[in-house]
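First comes the structure, then the notes that go with it.
We did not get these values from a lab; they are worked out from the coordinates using the rules stated. Keep in mind it's a predicted model, so treat the numbers as computed, not measured. A quick note on method: Cβ atoms are made from the backbone with ideal geometry, for glycine too, and the neighbour counts reach across all protein chains shown.
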Amino acid sequence: MARSSSERWLAPAFFDRPTLEVARDLLGATVQVRGPGGPRATELVEVEAYGPADPASHAYRGPTRRNRTMYGPPGGVYVYRIHQVVCANLVTRRGEAVLLRAGTPVGPERTSASGPGRLCRALGLTFADDGTRVSRTGRFSVRAAPDRLDQAIVASPRVGISRAIDRPWRFSVAGSPWVSRPGPRLT
DNA sequence: GAAAAGATTACCT
DNA sequence: GGTAATCTTTTCC
């Protein structure tokens with residue numbers, strides 16, 4: 001699916017595509033979360049794909065209590081906890097998802113969204129959001145990236161995993177100051 | 001039922 | 001650059 005107008009909200013069908021394609025197309029997209037204090041939004045600058053037959057994926061060993069959302073419909077929001085922090089993914093095809101790793105600062109406070117835990121905290125996402133679905137008018141919505149990104153997309157190894165560390169399935173916007181450390185590989 | 005590991009972050013030297 | 005915090009899920013016995 002090609003990128004479309006900058007005002008287009010992504011429908012669940014957008015996520016029903018190969019995970020690597022979805023991951024790349026999410027760079028530059030805007031994630032918005034509506035909450036009691038008003039909507040909070042960030043423009044994605046870094047994501048990671050967790051695909052099929054992927055030893056690093058939470059779904060590698062099949063459905064479990066934790067990863068059940070990954071087996072739900074495309075466009076689902078899979079939230080998991082790690083070390084007192086929550087991280088958010090968008091479900092693509094069955095058992096696959098894209099981890100949201102970093103975005104531009106959020107709100108007038110310019111709260112940091114650089115890093116998967118900080119991104120969730122900045123948007124006000126909690127474990128209670130696990131299992132919700134992307135929708136134009138709901139709590140969690142995603143607006144399409146511009147037709148053409150100003151900057152190139154960089155592929156590099158994923159962060160913080162111990163298996164399948166060779167797969168370059170981390171995608172980031174080249175030169176963005178908000179990409180989480182230690183920064184994308186330059187090659 | 002117990003133990004280990006973890007898609008992280010903050011703070012230390 | 002290294003490590004502690006901190007706790008749930010998973011995995012193994």
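When the residues of the stretch A:60-88 are narrowed to those that are among the hydroxyl-bearing types (Ser, Thr, Tyr) and more than 17 Å from residue A:138 (Cα to Cα), which ends up surrounded by the fewest Cβ atoms within 10 Å (Cβ to Cβ)?
Applying the filter and picking the extreme gives A:64.
Hey, does the stretch A:113-132 have a residue that's small (Gly, Ala, Ser) and in contact with a helix residue (DSSP H, G or I) (Cβ under 8 Å, 6 or more places away or on another chain)? Checking the stretch A:113-132: at least one residue is small (Gly, Ala, Ser) and in contact with a helix residue (DSSP H, G or I) (Cβ under 8 Å, 6 or more places away or on another chain).
Screening residue A:127 on (1) in contact with a Ser or Thr (Cβ under 7 Å, 6 or more places away or on another chain); (2) exposed (fewer than 14 other Cβ atoms within 10 Å of the Cβ) shows it passes everything except condition (1). One residue stands out among those in the stretch A:59-112 that are within 16 Å of DNA strand C (Cβ to nearest atom) and among the polar types (S, T, N, Q): the one that is nearest to the chain's Cα centre (by Cα), which is A:89. Only one of the listed residues (A:118, A:148, A:181) is closer than 30 Å to residue A:37 by Cβ and part of a loop (DSSP other than H, G, I, E, B). That residue is A:181. Within the stretch A:18-51, being surrounded by 14 or more Cβ atoms within 10 Å (Cβ to Cβ), of a type outside the set (Phe, Trp, Tyr) and over 23 Å from residue A:8 (Cα atoms) holds for one residue alone: A:51.
Please find, within the stretch A:150-173, the residue that is nearest to DNA strand C (Cβ to nearest atom) out of those that are more than 17 Å from the chain's Cα centre (by Cα) and exposed (fewer than 15 other Cβ atoms within 10 Å of the Cβ). Once the filter is applied, the top-ranked residue is A:163. Condition test on residue A:136, is it of a type in the set (Lys, Arg) and not in a loop (DSSP other than H, G, I, E, B)? It is false that residue A:136 is of a type in the set (Lys, Arg) and not in a loop (DSSP other than H, G, I, E, B). Give me the residue from the stretch A:91-135 that is near DNA strand B (Cβ under 9 Å from one of its atoms) and charged (D, E, K, R) and, out of that set, nearest to residue A:63 (Cα to Cα). In this case the residue turns out to be A:96.
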